[in-house]
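Data first, discussion second: the structure below is written as C-alpha cells.
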C-alpha cells in the first residue's frame, strides 16, 4: 500500500472520532465514586508509611514493555 | 523495613535528592493516583510525574539544582530553562506560575506551581508520605487529586476519571466475588 492510500485509510478510520464531541469543563463526581475513593484512601495499605516500592517497579516494567512494543512495530 | 528497589529507579532517586535539598513537593496527577493502587492492574501507565511545588522561588531554585545534579535537563515551554539559573529566574517563573519540565533517564517530571482548585498548603496538610525503596515520597491525598482533575475538566481528565471510576467499581466487584461486566460478556458469547 502506498503512502496516499495508507493516509486515506487512516482518515476513514479516524472520521467517527473527529466528529465526536468531547465535553470539557468541571466534572461532577458521583456519590458512588466519592465513596469508593474514601474506601481506597482509608485502606491500611494506603496510610502514611506504607511501602509502595512495588508500584515503582510496575511502572518501570510498563515503560520497558511499551518501549519494546514500539521498537518491534 | 521497606523493600529495596531491585535497581535504582530514576524517580525515587530524584525524590531522595529533593529531600536532601529540602525541596517541598507533593506528587499529584495520574502518578499520584498510582500510589493508591491496590493491585498492579490498577496502576495507570504513565511516563510523567507531576510534582506540585509551592510558589516559593527559593524552593523552586533548590528543585532545579537537584534535578541538574541528578542528570535531568530542564525545559520551560519548548526551550531549555534560561541561564543563569538563579533567584531572579526563579522569581520570574514563580510569578508566571510557569511549568518547568525535567527530562532525563527516560522520565519526564513536571514541576508545576498550579493544581486546579487547590493551594499548595492545603494539599500539603493532607498529604500521605509513602516509602519507595528507602525514600519518603509525599503524595497528595487521593481525594484532592481526583477533585483537582474534576475541577480542571480537560478531556484527558474526564477520560481518566471515567476510567478510574470503572476500575474501582471492577475492584469492588471482584472483592465481593461477583463476576465482572467483562466476564458476563464472555459467558454470553
Quick one: how many residues across region B:47-69 are touching a strand residue (DSSP E or B) at 6+ places or on another chain (Cβ under 9 Å) and within 30 Å of residue A:40 (Cα to Cα)? 7
For region B:150-180, give me the residue count where each residue is under 16 Å from residue A:29 (Cβ atoms) and exposed (fewer than 13 other Cβ atoms within 10 Å of the Cβ). 4
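Only one of B:80, B:12 is facing chain A (nearest Cβ under 10 Å) and within 30 Å of residue A:65 (Cα to Cα); which? Before the answer, list the steps.
Details: B:80 fails: facing chain A (nearest Cβ under 10 Å).
After applying the criteria, what remains is B:12.
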Determine which member of the set B:77, B:133 is surrounded by fewer than 20 Cβ atoms within 10 Å (Cβ to Cβ) and assigned by TED's automatic domain parsing to the domain that holds residue B:28. B:77
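If you go through region B:90-100 one residue at a time, do you hit one that is assigned to a loop (DSSP other than H, G, I, E, B), in contact with a strand residue (DSSP E or B) (Cβ under 9 Å, 6 or more places away or on another chain), loosely packed, with under 13 Cβ neighbours inside 10 Å and at positive phi?
Quick first cut of region B:90-100, residues assigned to a loop (DSSP other than H, G, I, E, B) only: B:96-99.
Of the ones still in play, those that are also in contact with a strand residue (DSSP E or B) (Cβ under 9 Å, 6 or more places away or on another chain) are B:97-99.
Then drop every residue that is not loosely packed, with under 13 Cβ neighbours inside 10 Å, which leaves B:97.
If we keep only those that are at positive phi as well, we get B:97.
Yes, that holds for at least one residue.
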Of the conditions (1) over 26 Å from residue B:16 (Cβ atoms); (2) more than 10 Å from chain A (Cβ to nearest Cβ); (3) at pLDDT 95 or above, residue B:184 satisfies every one except a single condition; which number is it? (3)
Specify the residue that is surrounded by the fewest Cβ atoms within 10 Å (Cβ to Cβ); the eligible residues are those in region B:33-59 that are closer than 30 Å to residue B:158 by Cβ and away from chain A (no Cβ under 11 Å). B:55
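The values are calculated or read from the model by the stated rules, or taken from the named source; none is laboratory data. What you see is a predicted model, and the numbers here were worked out from it, not measured in a lab. Cβ atoms come from the backbone with ideal geometry, glycine included; neighbour counts cover every protein chain shown.
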